[in-house]
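The values are calculated or read from the model by the stated rules, or taken from the named source; none is laboratory data. Just so it is clear, the structure is predicted and the values come from calculations on it, not from any experiment. Here Cβ is always computed from backbone atoms with ideal geometry, including for glycine, and neighbour counts include all displayed protein chains. Heavy atoms of the whole protein, side chains included, go into the accessibility calculation; ligands, DNA and RNA do not. Shrake-Rupley method; radii C 1.70, N 1.55, O 1.52, S 1.80 Å.
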Amino acid sequence: MASTVSSVCSTAELARCNEAGAAQGSPAVLAEISTGLLARRSHISPKYLYDTLGSRLFEAICELDEYYPTRTEASIFTSHGEAIAACVGQGGSLIDLGAGNCAKAASLFPLLRPQQYVPLDISAEFLATAVAGLQQRFPAIAMTPLGVDFSAGFQLPEHVSKSRRVFFYPGSSIGNFSPPQAVGLLRNLRDNLGADGGLLIGIDLVKQSSVLDAAYNDELGVTAAFNLNLLRHVNRLAGANFDLRQWQHCAYFDEAASRIEMHLQAQCDVTLRWQGGARQFARGERIHTEDSYKYTRGGFNQLLASAGFEAVQYWTDPANWFAVLYARAVTR
């Protein structure tokens, strides 16, 4: 999910920015949405899946029987938690990328015992609510929530401790980036690490396409609602006239590219208008909303090496559906 936004602001500041953008349409957001909609292969950045409702819908997706990544990753932390803590070490700053409701990081607090917790998320209002509750449960941990779109580069503010930084990026979210974009993100993380820091990350491994297709086309239709909610969000941000009844969720595994693709497909001929732009969509035409790349261990090692990291240790579930790994920066 590429972005042109690279600044970091407080959760409260970003919440105000988001509210203003929703009402007025900020120039940067409007330009990005407009460029994507007018592209030859129309697309909208997956970051716009995550307004407050989108974040809650994703929480619901994680509870579905078909959606294996969340529970499989959790089983890895349960089975290998002590070994992971021994490898990563305790104390320091745990920097949670795309923190959402912060539940995954919180489950590791007893093992990693961070002195500081720094959750980052584009959905600032949702993050603020989550951190408020978490701080009451763990009053001894300093918590610094940051509203940030970290997808295209950022610099952590000075009040985030520079000692023993550990970036935590669970849930295979790295798969939402194309390989070149993923390398760029990982390089930025490396630049924000000190000599004693590291990266604790989850990746979805290559497996049967039937398992992957089911995970993104659940029987209850929650993933469809999550995808369609992006259009409601864009209506607010760009003054668009999307009618959700005219669009259908579409997701499938592209074996050649080793990725799940999510699209929204027009159910009829559509005349779409937004602030400063318009486009005709023919019935069956699609808007690309998200990719989710699946990796082999060797393929991900190559990605890490390109970004200046090396894998220290992998942990997987018995079926090898998912992996958690710890990586350190290669000394330059």
Only Lys, Arg, Asp and Glu count, each charged at its Cβ (+1, +1, -1, -1), so figure out the dipole size of the range 242-332 about its Cα centre, rounded to 20 debye. 220 debye
With +1 on the Cβ of every Lys and Arg and -1 on the Cβ of every Asp and Glu, and nothing else charged, how large is the dipole of the range 85-169 about its Cα centre, in debye rounded to the nearest 20? 380 debye
Candidate lysines for bridging to residue 207, where Cα separation is under 19 Å - those fewer than 8 sequence places away on the same chain excluded: 294
Evaluated at 4 °C with a viscosity of 1.567 mPa s, what Stokes-Einstein diffusion coefficient in µm²/s does the range 196-275 have when Rh comes from the Kirkwood expression over alpha-carbon pairs? 87 µm²/s
Tally the DSSP beta bridges in the chain and give the antiparallel ones as a percent, rounded to 5. 65 percent
I want to verify a result. In a Gaussian network model of the chain, Cα cutoff 10 Å, which of these has the top mean-square fluctuation: 93, 34, 163? 163
Total charge dipole magnitude, the chain, about the Cα centre, Cβ charges on Lys, Arg, Asp, Glu only, Debye to nearest 20: 640 debye
Can you quote the Å³ per residue value for the convex hull of the Cα atoms in the range 270-332, rounded to an integer? 183 Å³
Helix-only mean residue ellipticity at 222 nm, the chain, DSSP H runs n ≥ 4 weighted -39,500 (n - 2.57), per residue, nearest 500. What is it? -12000 deg cm²/dmol
Size of the range 154-302 along its principal axes in angstrom, Cα-based, largest extent first? 56, 40, 27
Lys/Arg Cβ at +1, Asp/Glu Cβ at -1, dipole of the chain taken about the Cα centre: which of 61, 155, 230 is farthest positive-ward? 155
So, for the chain, what is the accessible surface per residue at a probe of 1.4 Å, expressed in square angstrom? 43 Å²
In what sequence, highest mean first, do 169-180, 215-226 appear when ranked by Cβ atoms within 10 angstrom? 169-180, 215-226
